[in-house]
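A.B. asks: One structure is given below, represented as structure tokens, and several questions about it will come after.
A short reminder: the numbers here are calculations on the coordinates, not readings from a lab. Remember, it's a predicted structure, so these values are computed and weren't measured experimentally. Positions of Cβ are backbone-derived with ideal geometry, glycine not excepted, and every protein chain shown enters the neighbour counts.
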Amino acid sequence: MRNILVGGAWPYANGSLHLGHIAGLLPGDVIARYHRAIGDKVYYVSGSDCHGTPVAIRAKNENKSPQEVSDYYHEEFRDCFERLGFSYDVYTKTSSEEHKNFVRQFHEKLYKSNYVYEKEAPQAYCDCCNNFLADRFVTGKCPKCGNDTRGDQCDFCGTVLEPEGLVDPVCAICGNRISFKNATHLYIAISKMADQLKALVNNNPNWRKNAISFTNRYINEGLKDRALTRDLDWGIDVPKEGFEDKKIYIWAEKYSGIFICQSNCGRTKW
């Protein structure tokens, strides 16, 4: 008997599910059922992604709190998955106290490593929306290929971007020009991990050739350090003195989510 972990994507709790969500999540349920049928011990886990800018924007537009909006859609998601017969062992949400406590503990340990440092850098800000903007809520022209793109990555040429590098950046929400305000945040030094990552990728017998080639491309182009914190009102508090007014960046929150799901797999389904 093998231990099999199946992790489903976490849908944003800022709107109803549609067929695209179900199509993307259904294969995970099929895989989980298959491994249960052949006698493996399966942990099939997922949850509602309740933090981040999309939820906050929906709440602002509806004159509600982000908690109200995310809780509403979380319950709608649970009902939908249950009626469709999904076989999750754990379906949780990122706004649960259990999840938030684990993420804070995880980050407290992470901040003690040699890979986390403080840096002042420009942050995208929309004066019209009166909000700092996540990278993907900034649009403009890619400085490398000239196509329209978001502030995190160009879908045309694959270049990893920062909002300040875009040509003619605007707010994806209201369409107005954005400004940049300097702020100090915590960063993780991914650039220091190039050798370890390259060894991991090239020595893994289970990766496909195109996945290895694609990953090595990013490593060879030069890995960029990424912010762990953001200037947001909605999210998990940063467990570090001097950063009480900031939140953990949602990508940095989600990578620790799999561990909390694993630790909960002995609980009831919902």
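A.B. asks: Just going by the charge dipole of the chain, with Lys and Arg at +1 and Asp and Glu at -1 on Cβ, which of Cys129, Ile22, Ser179 is farthest out on the positive end?
C.D. replies: The Cα lying farthest towards the positive end belongs to Ile22.
A.B. asks: Sticking with this one: Rounded to the nearest 20 Debye, what is the dipole magnitude of region 1-58 about its Cα centre when Lys and Arg each give +1 and Asp and Glu each give -1 at the C-beta?
C.D. replies: Dipole magnitude for region 1-58 comes out near 140 debye.
A.B. asks: Also: Based only on other Cβ atoms within 10 Å, what is the fewest-to-most ordering of Cys157, Cys142, Cys50?
C.D. replies: Ranking Cys157, Cys142, Cys50 by Cβ neighbours within 10 Å, fewest first, gives Cys157, Cys142, Cys50.
A.B. asks: Sticking with this structure for a sec: Can you tally the net charge around Asp168? Count Lys and Arg as +1, Asp and Glu as -1, for every other residue whose Cβ sits under 14 Å from the Cβ of Asp168.
C.D. replies: Charge balance in the 14 Å sphere: +1.
A.B. asks: Under the rule that an exposed site lies in a DSSP loop and has at most 10 other Cβ atoms within 10 Å, name the longest stretch of the chain with no trypsin sites (Lys or Arg not before Pro) of that kind, not counting the sites themselves.
C.D. replies: With trypsin sites (Lys or Arg not before Pro) excluded where exposed in loops, the chain gives 3-111 as its longest stretch.
A.B. asks: What is the set of long-range amide H partners of Gly47 at a cut-off below 5 Å, with H atoms built 1.01 Å from backbone N?
C.D. replies: Thr92
A.B. asks: Please identify the chymotrypsin sites (Phe, Trp or Tyr not before Pro) of region 187-257 that satisfy two criteria: DSSP loop assignment and at most 13 other Cβ atoms within 10 Å. Which are they?
C.D. replies: Tyr255
A.B. asks: Report the semi-axes of the equivalent ellipsoid for region 113-249 in whole Å, largest first, where each axis is √(5λ) for an eigenvalue λ of the Cα gyration tensor.
C.D. replies: Listed largest to smallest, the semi-axes of region 113-249 are 28, 22, 11 Å.
A.B. asks: Find how many whole Å separate the alpha carbon centroid of region 36-54 from the alpha carbon centroid of region 89-145.
C.D. replies: Here the two parts' Cα centres lie 22 Å apart.
A.B. asks: Also, I was wondering about something else. In debye, nearest 20: dipole of the chain around its Cα centre with unit charges on the Cβ of K, R (+) and D, E (-)? The partial results should precede the final answer.
C.D. replies: Details: 35 positive and 34 negative charges, 194 e Å.
Here the size comes out at about 940 debye.
A.B. asks: Which log10 I(q)/I(0) values, to two decimals, does the chain give at q = 0.11, 0.12 Å⁻¹ under the Debye formula with one point per Cα?
C.D. replies: Values returned for q = 0.11, 0.12 Å⁻¹ are -0.74, -0.89.
A.B. asks: Based on DSSP, what percent of beta bridges with both residues in the chain are antiparallel, to the nearest 5?
C.D. replies: 70
A.B. asks: If you don't mind, another one. Under the rule that an exposed site lies in a DSSP loop and has at most 10 other Cβ atoms within 10 Å, name the longest stretch of the chain with no GluC sites (Glu not before Pro) of that kind, not counting the sites themselves.
C.D. replies: 1-240
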